[in-house]
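Novice: Here it is, the structure, as structure tokens.
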Amino acid sequence: MKNSIWLILFFMVFVSCKREVIPADQVDLGKEYFPLIEGKFIEYDVDSLIYNNFTSDTEYVHLEFRDEVKSQFIDNEGRPSYVIERYSRYKSSDPWAGYLTYYATATNFRIEVIENNLKFIKLVLPVKANTSWKGNVYIPAATSGLDEIKWYHDWDYRYKNINEEFYNGVMTFPNSVVVSYNHLTNDSTSTTNYSDYVGYEESYSRNIGLIYRELTHWVYQPTDGFRNGFSVVMKAKNHN
């Protein structure tokens, strides 16, 4: 009987040593997909295509971005929020130059980002399968009348590939999650019908943050005979 008790105790100690302890406030939540820590940075390769219906041409642009969490502040709702600076350069030998500033807030229910005065709900918490949400609900896309934002109207963000490995074309990341939305009006191969397309996908990796973004939006008018819009892909290539 004593041997059996010692065997059980040994097994319990062995299992407890192997078990990973996760902080209580992060259990099944997913805040670690968007870590907000001062000094945290991610660098990206950025490739853009610009469809120009005036010139009937497609322009290609390559950049590098560096996003760095700079400081914390209290927003107008009394919540801890963070300033994130984005720097850009055309090639690795160039110095970084300021590009834009955006802001991020993590609550117990979601991750909010304000960029170019537009507020997005990037993630909802907890991160789990079969979850969808109106990520652009704070953007007045339907009422502003502005062409540059009305295409943000009524997006249904969805999670997929939770806790799966993700290869972004440069690096492989474990424990990632994908957020996506797609919309197509009419067949894009038609030359006689109006069509438009929105394709959005972001992937986040635990304790790293955004590791991939692909955003495409174009409109085809038969009277123009050429698409008007853009496509941009960001691939994380370095981080701390």
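The values are calculated or read from the model by the stated rules, or taken from the named source; none is laboratory data. From a predicted model like this one, the values you see are computed outputs, not experimental measurements. Every residue, glycine as well, gets a Cβ built from its backbone with ideal geometry; the counts of neighbours run over all protein chains shown. SASA here: full protein model, heavy atoms, side chains in, ligands and nucleic acids out. Shrake-Rupley method; radii C 1.70, N 1.55, O 1.52, S 1.80 Å.
Novice: Quick check: anything in segment 1-24 at pLDDT 85 or above, open to solvent by less than 100 Å² (accessible area, probe 1.4 Å) and of a type in the set (A, V, I, L, M, F, W, C)?
Specialist: Scanning segment 1-24, I find no residue that is at pLDDT 85 or above, open to solvent by less than 100 Å² (accessible area, probe 1.4 Å) and of a type in the set (A, V, I, L, M, F, W, C), so the answer is no.
Novice: For segment 222-231, what are the residues that are open to solvent by 40 Å² or more (accessible area, probe 1.4 Å) and in a strand (DSSP E or B)?
Specialist: If the condition is that a residue be open to solvent by 40 Å² or more (accessible area, probe 1.4 Å) and in a strand (DSSP E or B), then Phe226, Arg227, Asn228, Phe230 are the ones that fit.
Novice: Continuing with this model, one more query. I'm trying to understand the selection: among the residues of segment 85-110, which are basic (Lys, Arg) and closer than 16 Å to Val61 by Cβ?
Specialist: Arg86, Arg89, Lys91, listed by residue number.
Novice: Just give me the residues in segment 162-176 being open to solvent by 70 Å² or more (accessible area, probe 1.4 Å) and either within 13 Å of Asn130 (Cβ to Cβ) or basic (Lys, Arg) (or both), in sequence order.
Specialist: None - no residue of segment 162-176 is open to solvent by 70 Å² or more (accessible area, probe 1.4 Å) and either within 13 Å of Asn130 (Cβ to Cβ) or basic (Lys, Arg) (or both), so the list stays empty.
Quick grid of which residues meet (1) touching a residue at least 40 places away in the same chain (Cβ under 8 Å); (2) assigned to a strand (DSSP E or B); (3) under 15 Å from the mean Cα position of the chain (by Cα):
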residue: Glu164; (1), (2), (3): no, yes, no
residue: Tyr181; (1), (2), (3): yes, yes, yes
residue: Glu214; (1), (2), (3): no, yes, yes
residue: Tyr220; (1), (2), (3): no, yes, no
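Novice: Counting only residues that are of a type in the set (Ser, Thr, Tyr), give me the strands (runs of 3 or more DSSP E) lying completely in segment 50-126 with at least 2 of them.
Specialist: Where strands (runs of 3 or more DSSP E) fall fully within segment 50-126 and carry at least 2 residues being of a type in the set (Ser, Thr, Tyr), they are 57-74, 80-89, 97-106.
Novice: With the checklist (1) surrounded by 11 or more Cβ atoms within 10 Å (Cβ to Cβ); (2) at negative phi in hand, flag the one item Ser93 doesn't pass.
Specialist: Going through the list (1) surrounded by 11 or more Cβ atoms within 10 Å (Cβ to Cβ); (2) at negative phi, Ser93 breaks only (1).
Novice: Quick check, is Gly78 within 30 Å of Val113 (Cα to Cα), open to solvent by less than 100 Å² (accessible area, probe 1.4 Å), modelled with pLDDT of 50 or more and touching a Leu at 6+ places or on another chain (Cβ under 7 Å)?
Specialist: no
Novice: Turning to a different aspect of this structure: Give the residues of segment 183-212 that are under 30 Å from His239 (Cβ atoms), free of Cβ contacts under 8 Å to residues at least 40 places away in the same chain and either assigned to a loop (DSSP other than H, G, I, E, B) or open to solvent by 40 Å² or more (accessible area, probe 1.4 Å) (or both), sorted by residue number.
Specialist: Scanning segment 183-212 gives a single hit, Glu201.
Novice: Would you please name the residue that is most open to solvent (accessible area, probe 1.4 Å), looking only at residues in segment 100-111 that are under 15 Å from the mean Cα position of the chain (by Cα) and in contact (Cβ under 8 Å) with a residue 24 or more places away in the chain?
Specialist: Tyr103
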